[in-house]
Structures are given as C-alpha cells and as structure tokens.
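> Questions regarding the structure given below will be posed in turn.
The numbers here are math on the coordinates, done by the rules we state, and not lab data. Model, not experiment: these values are computed from the prediction. Positions of Cβ are backbone-derived with ideal geometry, glycine not excepted, and every protein chain shown enters the neighbour counts.
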Amino acid sequence: MSWSAELVEALGRENVITDPARLRTYECDGLTGYRVQPAMVVLPRSAGEVAAAVRVCARHGVPFVARGAGTGLSGGALPVADGIVISLQRLRRIMEVDPVNLRAVVEPGVTNLDISKAAAPYGLYYAPDPSSQQVCTIGGNVAENSGGAHCLKYGFTVNHVLAAEVVLADGTVTRLGGESPQLPGYDLLGAFIGSEGTLGIVTQVTVRLLAKPAAIRTMVADFATVAGAGDAVTGIIAAGIVPAAVEMLDNLAIQAVAASTESVYTPDTAAALVVELDGPPDDVAEQFDEVQEICRRNGSTKIMVAADAEHRALIWRGRKAAFAAVGRISPNYFVQDGVVPRGRLAEVLGRIAAMADDAGIRVANVFHAGDGNLHPLVLYSEGEGQHDRAEHLSTQIAELCVELGGSLSGEHGIGADKACSMPRMFGQDDLATMLRLRSAFDPDGLCNPGKVFPTPRLCGERPGPYRPHPLEEAGVIERL
Amino acid sequence: MSTVTTYRPSTLADLRDAMAESARAGERLAVAGAGTAVEWGGAPEHDAVLDTTAMSGLISYNPTDMTVAVQAGMPLRSLQETLAGNAQWVALDPALAAAGATVGGLVATADAGPVRHTFGASRDSVIGVTVVLADATVARSGGHVIKNVAGYDLAKLFHGSLGTLGVLAEVVLRLHPRPSATATLAVPCHAAAAFDLGGRLIHGSLEPVAVEWCGRVLLARFDGTAGGVEDRGRRAMALAGDGAEWLPGDDERAAAHWAAVADLVRGAEGDTVVRLGTAPDRTPSLAALVAREAAAHDVDAAMTSSPFAGAHTVRLRGGTASQHAAVVTALRAAAPAATVCRWTPGLRDQLPAWGEPPPAVAVLRAVKRAFDPNDRLGKGRFAPWF
C-alpha cells in the first residue's frame, strides 16, 4: 500500500486533505514570503492518531511538518513538497486546570490565551504572552520557545512548561519532564522546547500557572529622541527594578498604530516607552514613582499613566497590533527578531537607520527594550519590485545583531527564514554538535526538515562562511 | 584505583588538549568540580579525573546587561561575592554553594535551593555554554543575551548530565537585582498545614520568593522594597495566625532557619541524602511516608521541601546501611524521580544506583550514544539505566 493510502486508512478519509485548493491554506505560516504546497495534510484527533501518522511516515521515509495555528514568523511550519503537514488544530482540549498544584494540562491546539482564560476563575494565569496569543497555540509556543512582552520578568515558554507528551520521529509516544522539575537525567524537555518542531511533535503539555499579581501599573512615556528612551531603560534596570514589560515604539511605528482610531499614543513623538510594573501593591507603587522619575530625568516629554484596566488594555492593544498596523502604511513588510545586549540598543538603532537609508527602504521599530529584542519592520512594496532589496536588508539587520554580540532571533525562531544565517552566529562544530542531538531524536531527519540548520539546498552550495563572533575577537569567548 | 591520572586544565585550550589526550589513551574519565556532588547517583568507573577547579576565572561581566560569563570551575560563592558589589546576583541558592560548589558543577547536577520556587534551577539562569565533548570537540550554544532562541539549547541537555555528556568549560548566566529589603515568615506546623498556608500566601498574591518546609517549620521569604515587604509581612502574619513569627532580613533566627535547610540538604559523613520530585500536593503524604518508614526501620529521618516546586530532600541518619536501604526503597516506590546524593557506607552494595527509569530513558540513551559513543565519560554514573 502507498503511504498516502496508509494514512487515509489510519486516519479516515475525512481527516486527510489532498485537494490542491484546500492544501493551499497550509502552504505557508506567518512568514508568507515562503510557500510550499505539501503532498497531503492530515488532521488527527488524538495523540494516538498523531503517532499513527508519524509511524506511516517513518516506515516510508516521508518527511512531516507539525502545524498549530500557523502564526509563526520564521517559516517553522513551512511544508516540505514531498511530505505531509500534521495539523494539531483538532487537539484542543483543556484536560485539567489544577489550582492546588498551580498547573494545567492541555492539548497542543489550545490557544495561549485560552489557557489563561481557563485559569482565570482561580485567580491564576499562564505567563508567556506572545503578541499573537489570541490565536497562536501552546504546541507552537513549545516548538518555538515563545516569549512575549512580559518575558523580561517572567521568562519564556521553557520556564513555564513542566512536562510534555511527545511523539518521536519513529512514532513512539513518550513523556519528557514530570510532576516536578526536580528530575534526574538530562533535561530533554528543556532541549525539546524551542527545537522548532525538529525533535518530535508535542501532543500534550503541562504548564505552570501563576497567581495574578495584586497590582499592575502601566505608563506610556514619550521621548524627543530614541536615544533618550534607551537611556531611560538603562536607568530603570540600573535602579534594580525588573519591570513586567518595557516596550519601545519609534515614530514610524507610532504613526502606524495612530492610524487606528483608538490609538492612545502621541502621533508626533520620536519614541514612546511602555513600562509596566506588576506585583504586590506597595512594592509596585514605590517603584512606579521611581520609574517616572527616571523617565523625566532622561528627558521624557510626556508621561501618561493608565487610569484603569480598560485604558491599559488600549495601550497594549496598540502595542500588540503594531505589526498588523504597519499594513496601513506599507503594502508589504518583513519582521526581524534579532537581539542585542541592552547596552547597545542606541548603537544598533542608529546603524539600522543608516542601512535603511542606504537601501532606500523604511524601517519601523517596535521592540522589547528591556531585553534588547528588536522587531524591526522592514517596509516595502512588492508591486514596486522592492522585495529582494527589503529581504536583503532584513537579513543584514539580523546579522548585525550577531555582530554586536547578540542573537539572530529572540523569540520568532530560525525556521526556514534565518537558517542560512546560522553560520554567522555558530561555527561548524557548534552546529555539528547540535545535529548530534537531532540525530538522537530523529536519525532519519524526517521531522520538519530544512529548518534551523543551513543546508546546501536551502542556502546555495556555499553557506555563508563563519566569521569570528565579536566577543571572540575581543577575547571574551574562544573558539578552538 | 590507586594510580589515577588527574588533568587540571586552566584554559579552554588546555581542557580541549586534555580531552584529546585522554581520548587517544582511551581512558574512562570522571569529571569533577569542587567534588561536592561526587557521590550523586552511580560511582563512575574511571582511569583518570578531569578536575575543572583551575578554570575559575571571570570571563566578562557587564552589569548594565545583567549577564556574566565565567569559567565553569568558578565557585558560585565567589561569583556571588563579585556580583554583590553591583547589588546583583545569580538567582540560585543551592546548599552546596557554601561548600564551594562550582557553577559548572551546579549545572551538571541540576541543582537549586529554596528560591527555585520563583527562579527555577540553574537551567533557568544559564543563557549560554561552551562545552568540550569526549572527542575534544568544542561547541557553544546560546550566547550572551537573555532572550535567544537561535539553535538548540545544549545547556539544557547538560543540565543534570552528571559529567556523562562532556565537560562544561564556560557558562554565561543572567543576573537579577538584589532586593532592597527581605524578611522571613516562620510558622511551626506540620506538612499539611504548611502546604495549605503556602498555598494561601501564593493565591493571596503575596509573592513569596521562597517557600520551604523544614524541621516542622514553614519558611516563606519575601523580597522587595522596604515598604512592600513590610506591608506583605502584615498580611502574611494575619493569614498565618498564632505561633507565626516575622523575621526581618538581618534577624539571626531567619538566617538560622535557612542555614538549617542547607545543612540538611548537604548532610554529613555517614548520612544518606536523597532528593525527590513529586507533584506539590503530595508533599504531606511524602512527609508522612518518611516519618513512617524511618520509625519502622529505626532510622532518624529529616526532610526539607520546596512544596510548590515539588522538590524534596530527605536525610537519613543513624542505623545501618540495610535500614537506610529499606527506607530509600520505600521512597523510590513513592517517587521514582529520586537521586541518592550521599550514601552511607555499605549502602551502595544493597541498592542499585537508580530506581525506576523515566519514560524517555531510550532517548537519554540515544543522546548519550550521540555525544559519547565510547562511553568514556562518567561510565556507570547512570547505571543501571545506561
């Protein structure tokens, strides 16, 4: 029997898509510039069916790509032409919310926000909050080790997942992690989270829940210069304050957000900082005053304090909708996700502006200033033939972050998008060592191939040469 | 093993060379930092020891970025002293730090102390590593920024590896500010009451940074601003009721309570010390089991728990090796995720080094094969699992 017939038999015809028109829905994720039509999409309804599908793939050597909501921004769910997509959208049960043990057990297709909604009656929530949290799924969050606006204080997906049931590349089902984080043996769960779907498929996740903070205070501080806003961030951190979030928007991003009627941002300010503190009321009140004082000292031109929860929601809606808002001022855009050490924010923003000028392309900046995670939005017009120039600039920006001692990606993942840039950040031995881990999980390389690691097919015959990391040149790190 | 070679490299290059030499000689190698966790799990068969304590330098420290890079042999205690000058710290307070445990050793043992309640274990503070594999390959993952998802995170893999995958050479850590005020709530109570009160402190959003139950006392530490800690103290005392004490940060009794936790975890010559992991709400039943088994086998048992992390340590004192073996066997039956960290003399002859293997043991084996195909590093550390 052919593998496709076996899949139909294993899952039922109604759970398999082969019609080209319907397959088109799955040909890309949030990185829409890359598109590949898979040979088939399967829609399993249980972990057992996921495992059955993977076993068929393993027997026939068919590559498979797991997919949640398809909101990923690095092409991590980009299909393989001769392979299948395993959609986890039908595994969306919340199995258990356990307020006593402060955890929830959910299937991978449950959205990030629905976990917090289910926990809310107990005064609990799930901390990581990527901007797409209304639609993105916990399975995708596990694959990408998603962060969000609040990860400066609360960390990432990997800090909030206790256990996962996973289907391995040979179709066996196992459990990583356990009831307690104190477990003997290698931290396979930690290595699995953020592996971008290349080590297996998660079919159940146990997440930690936190008690909602008693107080939340949010402000928007305007600045006459981006550098002034950057200095304020440095000042806040130097004061020993760990805000729940520190977000920066530059003028172009603010203009995009302001094009929406409900915007609370000052349209003509050069930069705005959103600072949020949360925690016990007296601690928050004391530090909130201090943050305002630091902003003023660094030349803030206006400080708006959120009056109530609704006002705060408006501030966040503007911030979280910034990517979409950019669509109002540009027909197309690329989002980058590089990270620089916080102390180099002003420098990197200056260099991005200069590179943008050189390329004749506009770049808007919305980013997590507290942890140096940039989200430059490279604006271009497909119609005006700017695609290649914009893509080149986008890659240059990611690689600039590495040059400044940072990373290609803070939360969106490498995926298909930045795999060819990996040799800028890691040497051959580093990548080869990572591949040993991959081979332990997936010796035949069937699980989401073509992601994370550069291949000649993906990157041309000559993947970019390794260049010394600046920290190596400075003698801070060594490569032998 | 009377004639054991010792390698004591002081640089990454030395370490790589030592590894290459040892590989050529086909030696079985035991990796050691300060040696504070040398007894954990199985006793590795070895022809040579790789001692990392000469790799103890600070590589880079940037207070503005709140990150630090160190050679893996640096004692955590020394690092914390350096960071204190800038009112910063690595949010990690394992008991073995006071005995000189190294940063690399703490990662390799997946160790943590009471603040794991908020900050997790060393895995949650490590943002980059450089490792040297059994074949002398030098590999790096992560980096120097807090937020970074580029490539696989090898630091996680080495977390808990007990010297069986490679040698940690360099570690980059994220830092946290030291709080301006701290205080401890101490409430004498049994385990069930402690779990209940701890839950009310958490659900009441009082945000204790650590919750520990040790020596029949619930300890909850609160970090924050002076006013904030004071306010939470009032509310915590109201929840705790009679018998509760509020001990400001400089109170000697607070220090004594926390020292007792660390003391119990470290154990002493002749003790058996076991670490266990369970779901949080199993803390009271585990405490009852420990008391029952200790009484049945005539052993003196003490326990400390971070209940909401589900992390427990049991110390057995007095009695014979076979009495200890009976208690450990009962503990393993209740909580298979158990590590024996200290073995009373003779106990190793009575018990396998590990109990029931975890469900993903096949993956653990595959990872071990991929990183150390000749089983040169820490051979037998995870026996009988692999």
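> Compute from the Cα atoms of the stretch A:95-211 the Rg and the Dmax, the latter being the longest Cα-Cα distance, and quote both in angstrom.
Calculated on Cα positions, Rg and Dmax stand at 13.2, 41 Å.
> Of all beta bridges DSSP finds with both residues in the stretch A:3-87, what is the antiparallel percent, to the nearest 5?
20
> Cα centroid distance between the stretch B:60-84 and the stretch B:314-342, in Å?
Measuring centre to centre over Cα atoms gives 36 Å.
> Give me the percent of Cα-Cα pairs in chain A that sit more than 28 Å apart, rounded to a whole number.
More than 28 Å apart: 54 percent of the Cα pairs in chain A.
> If N is the number of residues in the protein assembly as shown, what value comes out of its Cα radius of gyration divided by 2.2 N^0.38 Å?
Output field value: 0.92.
> Moving on. Out of all DSSP beta bridges with both ends in the protein assembly as shown, state the antiparallel percent to the nearest 5.
90
> Quick check on chain B: helices-only [θ] at 222 nm, where DSSP H runs of length 4 and up contribute -39,500 (n - 2.57) each and the sum goes over total residues. Nearest 500, please.
One gets -9500 deg cm²/dmol as the mean residue ellipticity at 222 nm.
> To the nearest 20 debye, what charge dipole does the stretch A:400-449 have about its Cα centre, counting +1 at the Cβ of each Lys and Arg and -1 at the Cβ of each Asp and Glu?
My answer is approximately 40 debye.
> Using 0.36 nm per residue of separation minus the Cα-Cα distance, give me the extension gain between A:D289 and A:A238 in nm, one decimal.
The A:D289-A:A238 span can extend by a further 16.8 nm.
> Once Lys and Arg get +1 and Asp and Glu get -1 on their Cβ, which of A:P213, A:P280, A:L252 lies farthest toward the positive end of the dipole of the stretch A:213-329?
Result: A:L252.
> When the distances between all Cα atoms of the stretch B:267-349 are binned every 10 Å from zero, what whole-number percent does each bin get?
20, 57, 21, 1
> So for the stretch A:213-329, what are the equivalent ellipsoid semi-axes in whole Å, largest first, each being the square root of 5 times an eigenvalue of the Cα gyration tensor?
The answer is 23, 17, 11 Å, longest axis first.
> Cα centroids of the stretch A:368-386 and the stretch A:277-355: how far apart, whole angstrom?
Computed from Cα coordinates, the inter-centre distance equals 16 Å.
> Using the Kirkwood radius over C-alpha pairs as Rh, can you work out the diffusion coefficient of chain B via Stokes-Einstein at 10 °C, viscosity 1.306 mPa s, in µm² per second?
Result for D is 73 µm²/s.
> Right, another one. Please state the relative contact order of chain B as a whole percent: Cα pairs under 8 Å, 6+ residues apart?
Averaging sequence separation for qualifying contacts and normalising by length gives 17 percent for chain B.
> Turning to a different aspect of this structure: Using alpha carbons only, how many angstrom separate the centre of the stretch A:1-54 from the centre of the stretch B:233-269?
Comparing the Cα centres of the stretch A:1-54 and the stretch B:233-269, I get a distance of 57 Å.
> Same structure, new question: If you look at just the Cα atoms of the stretch A:3-87, how large are its Rg and its Dmax in Å?
12.0, 34
> Within chain A, what's the longest run with no GluC sites (Glu not before Pro) in a DSSP loop and at most 11 other beta-carbon atoms within 10 Å? Give the range, please.
No qualifying site falls inside A:1-261, the longest such stretch.
> State, as an integer percentage, the relative contact order of chain A based on alpha-carbon contacts under 8 Å between residues 6 or more apart.
14
> Where both partners of a DSSP beta bridge lie in chain A, what percent of those bridges are antiparallel, to the nearest 5?
90
> Separate question: At a Cα cut-off below 20 Å, give the aspartates and glutamates reachable from B:K379, other chains included and same-chain residues fewer than 8 away excluded.
A:D187, B:E21, B:E27, B:E39, B:E45, B:D47, B:D51, B:D135, B:D349, B:E356
> Let me ask something else. Here is the link list: A:K117/A:K418; A:K451/B:K147; A:K302/B:K147; A:K117/B:K156; A:K302/A:K418. Which ones come out longer than 27 Å on Cα distance?
With Cα atoms farther than 27 Å apart: A:K117/A:K418; A:K302/B:K147; A:K117/B:K156; A:K302/A:K418.
> Can you list the aspartates and glutamates whose alpha carbon sits under 13 Å from that of A:K320, skipping same-chain ones fewer than 8 residues off?
The qualifying aspartates and glutamates are A:D129, A:E247.
> Quickly work out the A:R59-to-A:E96 label distance, labels modelled 7 Å from Cα along the C-beta direction, and quote it in nm with one decimal.
Result for the modelled spin labels: 3.4 nm.
> How large is the dipole of the stretch A:3-87 about the Cα centre if only Lys and Arg carry +1 and Asp and Glu carry -1, each at its Cβ, rounded to the nearest 20 debye?
Dipole magnitude for the stretch A:3-87 comes out near 80 debye.
> Along the Cα→Cβ direction, 7 angstrom out, place labels at A:R328 and B:A54. What is the inter-label distance in nm?
Placing both labels 7 Å beyond Cα along the Cβ direction yields 6.5 nm.
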